[in-house]
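A.B. asks: Dropping a structure here in structure tokens format, bear with me for questions.
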Ligand code: CTP
Ligand code: MG
């Protein structure tokens, strides 16, 4: 079974409000992107990793990567465009599965990724890491309209794992029909595919705002890998 990973790393990180894109901020002597790539690269089943970077990127070339295991493609306007470009690049290599993982999630644990891979392969179905919502969730604008029952609410994490051809077609259809695509699963759902929820650790956060950096530093300092 041939498995590739795609890492969308072409965003500008506007919510981080830092001088450089957040994936290039340094935590414990390594950039966030390097932490992410190191973890993905230590997953046994992953044969190749394709990183989508911005045309304006002046940082990626400073990262040392084994050329046989990594490739790079240009990202696009939205995250889904970046993923689509990588899928297009990988098409000829006939991977059986592709995992898409945010550059901005360096805290993902190898165990969780391997569990996702095992589940998707054994059920022959796409799936995502997700964690059950812990907070009480309100719907509203300036005041509360309602409390949303949370027993079946999940936070979508990454990696998200699919058959590359199915994801490619789903992203095409979603774009053509103007669907709101914020992750790979939403494109697959829009195309009518069933997507498995695979419970993962809730500390697999997406580094988004400045306060996330403090948490990420804590976790990266105190975790084994
Ligand atoms: N991403 C990408 N191409 C884009 C937009 C985002 O590859 N056109 C990547 C980001 O680099 C990040 C991941 O998708 O690794 C998740 O996106 P997000 O956390 O939203 O990052 P940014 O879009 O960079 O941040 P912001 O939304 O705050 O601007
Ligand atoms: Mg974004």
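A.B. asks: Looking at the structure I just gave you, is residue 1 over 24 Å from residue 213 (Cβ atoms), assigned to a loop (DSSP other than H, G, I, E, B) and in contact with a strand residue (DSSP E or B) (Cβ under 8 Å, 6 or more places away or on another chain)?
C.D. replies: yes
A.B. asks: Pick from 23, 17: which is more than 16 Å from the chain's Cα centre (by Cα) and either farther than 14 Å from residue 106 by Cα or within 16 Å of ligand 2 (Cβ to nearest atom) (or both)?
C.D. replies: 17
A.B. asks: Report the residue count in the stretch 86-111 for those that are in contact with a strand residue (DSSP E or B) (Cβ under 6 Å, 6 or more places away or on another chain) and farther than 17 Å from residue 33 by Cβ.
C.D. replies: Residues in the stretch 86-111 being in contact with a strand residue (DSSP E or B) (Cβ under 6 Å, 6 or more places away or on another chain) and farther than 17 Å from residue 33 by Cβ: 5 in total.
A.B. asks: Quickly run through the stretch 36-58 and pick out the residues that are in contact with a strand residue (DSSP E or B) (Cβ under 7 Å, 6 or more places away or on another chain), outside any strand (DSSP E or B) and either under 21 Å from residue 207 (Cβ atoms) or within 16 Å of ligand 1 (Cβ to nearest atom) (or both).
C.D. replies: Correct list: 36, 37, 40, 41, 55.
A.B. asks: For the stretch 21-31, does any single residue satisfy the condition of being under 15 Å from residue 101 (Cα atoms), touching a strand residue (DSSP E or B) at 6+ places or on another chain (Cβ under 6 Å), within 14 Å of ligand 1 (Cβ to nearest atom) and in contact (Cβ under 8 Å) with a residue 24 or more places away in the chain?
C.D. replies: yes
A.B. asks: While we're looking at this one, here's another question. Is it the case that the stretch 4-17 has a residue that's touching a residue at least 12 places away in the same chain (Cβ under 8 Å), more than 11 Å from ligand 1 (Cβ to nearest atom) and either outside any strand (DSSP E or B) or surrounded by 21 or more Cβ atoms within 10 Å (Cβ to Cβ) (or both)?
C.D. replies: Taking every residue of the stretch 4-17 in turn, at least one turns out to be touching a residue at least 12 places away in the same chain (Cβ under 8 Å), more than 11 Å from ligand 1 (Cβ to nearest atom) and either outside any strand (DSSP E or B) or surrounded by 21 or more Cβ atoms within 10 Å (Cβ to Cβ) (or both).
A.B. asks: Also, I was wondering about something else. Report whether or not residue 51 is within 16 Å of ligand 2 (Cβ to nearest atom) and under 25 Å from residue 121 (Cα atoms).
C.D. replies: no
A.B. asks: Okay, moving on. Among (1) surrounded by 16 or more Cβ atoms within 10 Å (Cβ to Cβ); (2) over 16 Å from residue 46 (Cα atoms), which single condition is residue 146 missing?
C.D. replies: Among (1) surrounded by 16 or more Cβ atoms within 10 Å (Cβ to Cβ); (2) over 16 Å from residue 46 (Cα atoms), residue 146 violates only (1).
A.B. asks: Also: Report whether or not residue 130 is modelled with pLDDT of 95 or more, within 24 Å of residue 223 (Cβ to Cβ) and surrounded by 15 or more Cβ atoms within 10 Å (Cβ to Cβ).
C.D. replies: Against the criterion (modelled with pLDDT of 95 or more, within 24 Å of residue 223 (Cβ to Cβ) and surrounded by 15 or more Cβ atoms within 10 Å (Cβ to Cβ)), residue 130 qualifies.
A.B. asks: Tell me, yes or no, whether the stretch 59-70 has at least one residue that is at positive phi, surrounded by fewer than 23 Cβ atoms within 10 Å (Cβ to Cβ) and either in a loop (DSSP other than H, G, I, E, B) or out of contact with any strand residue (DSSP E or B) (no Cβ under 6 Å at 6 or more places or on another chain) (or both).
C.D. replies: Within the stretch 59-70, not a single residue is at positive phi, surrounded by fewer than 23 Cβ atoms within 10 Å (Cβ to Cβ) and either in a loop (DSSP other than H, G, I, E, B) or out of contact with any strand residue (DSSP E or B) (no Cβ under 6 Å at 6 or more places or on another chain) (or both).
A.B. asks: Further question: Inspect the stretch 74-89 for any residue being surrounded by fewer than 16 Cβ atoms within 10 Å (Cβ to Cβ), over 17 Å from the mean Cα position of the chain (by Cα) and in contact (Cβ under 8 Å) with a residue 12 or more places away in the chain and give the result as yes or no.
C.D. replies: yes
The values are calculated or read from the model by the stated rules, or taken from the named source; none is laboratory data. Everything quoted here is computed from the prediction, not taken from an experiment. Cβ atoms come from the backbone with ideal geometry, glycine included; neighbour counts cover every protein chain shown.
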